1. What does the charge count around ILE112 come to, taking other residues whose C-beta lies under 13 Å from its C-beta (Lys +1, Arg +1, Asp -1, Glu -1)?
2. May I ask for the net charge around GLY127, where only other residues with Cβ less than 13 Å from the Cβ of GLY127 are counted and Lys, Arg are +1 while Asp, Glu are -1?
3. What's the center-to-center distance, using Cα atoms, between region 164-192 and region 232-248 in Å?
4. Compute the length gained on full extension between SER202 and SER150: take 0.36 nm times their separation in residues and subtract their Cα-Cα distance, giving the result in nm to one decimal.
5. Net charge near PHE221, counting Lys/Arg +1 and Asp/Glu -1 over other residues with Cβ under 12 Å of its Cβ?
6. Show me 190-199, 85-94 ranked by packing, highest mean number of other Cβ atoms within 10 Å first.
7. FRET efficiency for ASN159 and LYS234, Cβ-Cβ distance as r, R0 = 51 Å, nearest 0.05?
Amino acid sequence: MRALIGIVSVAVALMCSTAGAQSEPTICCDGSIIFAGSCPFGPSPCPDDPRECVDLTVPDPCSSTTTTIVSSATTTTVAPGEPISGKKLLLKNPPAGTTANKVVLLAKDPAITIGAAGTDGDPQCSGAGGGGTSSLRLTASGDAGDVTISLPCAGWTTNGANSLYKYKDATGATCKNVLVKAGVLVKAVCKGAQVGIDLNASMAPVAVVMRLNSRAYCSAFGGAVGVKDGSDDKTFLHKEAPAPLECP
């Protein structure tokens, strides 16, 4: 019986790993946006519509709740990322060239939590695993680009109450500043060629993942909430994006 449980657990772990590796967000037939897993509704033919529809007849083991993977040897608890509401995403491709590219991200959500100092949610060099790997990832549709901007642990600090993490890079080679504040917001301003998104009219939705050590915060800007859609090859601006269903 223990051997059987171990085999089933490995299969579930592989399924979750595959779902989390999805590189682009999926627009479901009801207009919702997911990063991984299946669209949360039954069969839908979606005639003449290229968006993905999935008949959810089998429970998805990779849900947005905490998943416990059990094997015959050890038990490991894997915490999910946090889907958060997006307030604004601005992407710029100025005529001056790629060195003037820019991204401004603002997400506000009272559900935002941060990891305690010294844990695997702490991006500082004193955090678990030496601060782990922190980054800002932008994944645009329509072959507009998929870029990850590294945010090294040396740039991160916290305050006395450990209610926020702040990142600064005076050189501007990564992001000028990033702020993640518990119960309030996620904000980032980055400028330069590292913001390698090539704006076009079909680039929405744009998925954004802010990662602090092992903790992730996800937003998706798409649908009909756009102010500028990128079709001028200069500006993409979307506002008031609802939180996605899942976060890898």
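Read the figures in this text as sums done on the coordinates, not as results from a lab. Bear in mind the structure is a predicted one, so any value in this text is a computation, not a measurement. Here the Cβ positions follow ideal geometry from the backbone for every residue, glycine too, while neighbour counts run over all protein chains shown.
1. Net of charged neighbours comes to +3.
2. Local charge sum for GLY127: 0.
3. Going from one Cα centre to the other spans 18 Å.
4. 16.1 nm
5. After counting each charged neighbour, the total is +2.
6. Ranking, from highest mean packing down: 85-94, 190-199.
7. 0.85
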